[in-house]
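Colleague: Shown below is the structure under consideration.
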Amino acid sequence: MGTLILLLIAGLAYKGYDEYMTSLEKDQTAPIVQDESVLGGLEVGKQAPNFTLKTLEGEPLTLSQYQGKPVVINFWASWCPPCRDEFPELVSFEESTAIPVLGINVTKNERRGKKDVEAFLEEYPVKFPILLDEEATVEQQYRVVALPTTYVLDENGIIVAKKTGPVDEAWLREQIDAER
């Protein structure tokens, strides 16, 4: 009887080990994808959804206010190193081109909310509007999956370019010039 129990235990152990090894073969790591279209967000050529968010000063700002001119929408957070790296580029682009930049802070992801945004802007002062997405509604509407994410819209509100990851002034100019 003892031998039978040992054989049963050995058989179950072998079966469990075999299933474990089979499962490891199936769990292959997916390759890193560089194709922007699979990184989420709305697609180039689509109408950008309208939204209304409050500025740091508590004033409502609506995307449709910018109808008739190109606009850059940048989703960012104070804790995001690439966001910090690109911020001076956004400031320089807006100052040199007068093309509006809307900085949408994903405030729901900030540890201290608006306080973190204000502290960040003491280090990186801007003249363009900083909008607070406190409930992540616009972040979800635009299907932002990584920060920073930037959209470039033409004067009709059509998305002409998007980029997940940091942008620089040259890239922004290139996108705007391609539409003119």
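Colleague: So who's got an amide H within less than 5 Å of the one on V101, skipping anything under 5 residues away but keeping other chains? H placed 1.01 Å off N, in plane.
Modeller: Those lying under 5 Å, H to H, from V101 are V72.
Colleague: Step through the table entries K69/K127; K46/K115; K69/K114, compare each Cα-Cα distance with 27 Å, and write down the pairs that go over it.
Modeller: Pairs exceeding 27 Å: K46/K115; K69/K114.
Colleague: Averaged per residue, what accessible surface does segment 34-166 expose to a 1.4 Å probe, in Å²?
Modeller: Accessible surface, normalised per residue, equals 47 Å².
Colleague: Could you give the size of the charge dipole of segment 47-180 about its Cα centre, using +1 on the Cβ of each K and R and -1 on the Cβ of each D and E, expressed in debye and rounded to the nearest 20? Present the calculation step by step, with values, prior to reporting the outcome.
Modeller: Working: 14 positive and 23 negative charges, 73 e Å.
Using Cβ point charges on Lys, Arg, Asp and Glu, segment 47-180 gives about 360 debye.
Colleague: Provide the per-residue ³J(HN,Hα) series for segment 59-76, in order, calculated from phi with Karplus coefficients 6.51, -1.76, 1.60 and θ = phi - 60°, each as a whole number of Hz, with x at glycine and proline positions.
Modeller: 8, x, 10, 10, 4, 4, 4, 9, 4, x, 9, x, 8, 10, 10, 10, 8, 8
Colleague: Expressed as a rounded percentage, what relative contact order does segment 52-119 have, with Cα pairs under 8 Å and six or more residues apart?
Modeller: 33 percent
Colleague: Calculate the FRET efficiency for V44 and K127 from the Cβ-Cβ distance with a Förster distance of 30 Å, rounded to the nearest 0.05.
Modeller: Efficiency for this residue pair is about 0.60.
Colleague: Given axes a ≥ b ≥ c from the Cα gyration tensor, I'd like to know whether segment 45-84 is rounded (a/c under 1.5), prolate (a/b larger than b/c) or oblate.
Modeller: The shape class here is oblate.
Colleague: How would you classify segment 89-180 from its alpha-carbon gyration tensor, with a ≥ b ≥ c the square roots of the eigenvalues: rounded for a/c under 1.5, else prolate if a/b is greater than b/c, otherwise oblate?
Modeller: It comes out oblate by the Cα gyration axes.
Colleague: Here is a further query. With a Förster radius of 35 Å, plug the Cβ-Cβ distance of K108 and D177 into 1/(1 + (r/R0)^6) and report the FRET value to the nearest 0.05.
Modeller: Efficiency, rounded to the nearest 0.05: 0.50.
Colleague: Over segment 33-172, calculate the relative contact order: mean separation of alpha carbon pairs under 8 Å at least 6 apart, over the residue count, as a percent.
Modeller: So the answer I get is 36 percent.
Colleague: Give me the number: length gained by fully extending T52 to E135, i.e. 0.36 nm times residue separation minus the C-alpha to C-alpha distance, one decimal in nm.
Modeller: 28.7 nm is the gain from fully extending T52 to E135.
The values are calculated or read from the model by the stated rules, or taken from the named source; none is laboratory data. Since we're looking at a predicted model, the values are computed, not measured. Because the Cβ atoms are built from the backbone with ideal geometry, glycine has one as well, and the counts that use them run over all protein chains shown. All accessible areas refer to the heavy atoms of the entire protein, side chains included, with ligands and DNA or RNA removed. Shrake-Rupley method; radii C 1.70, N 1.55, O 1.52, S 1.80 Å.
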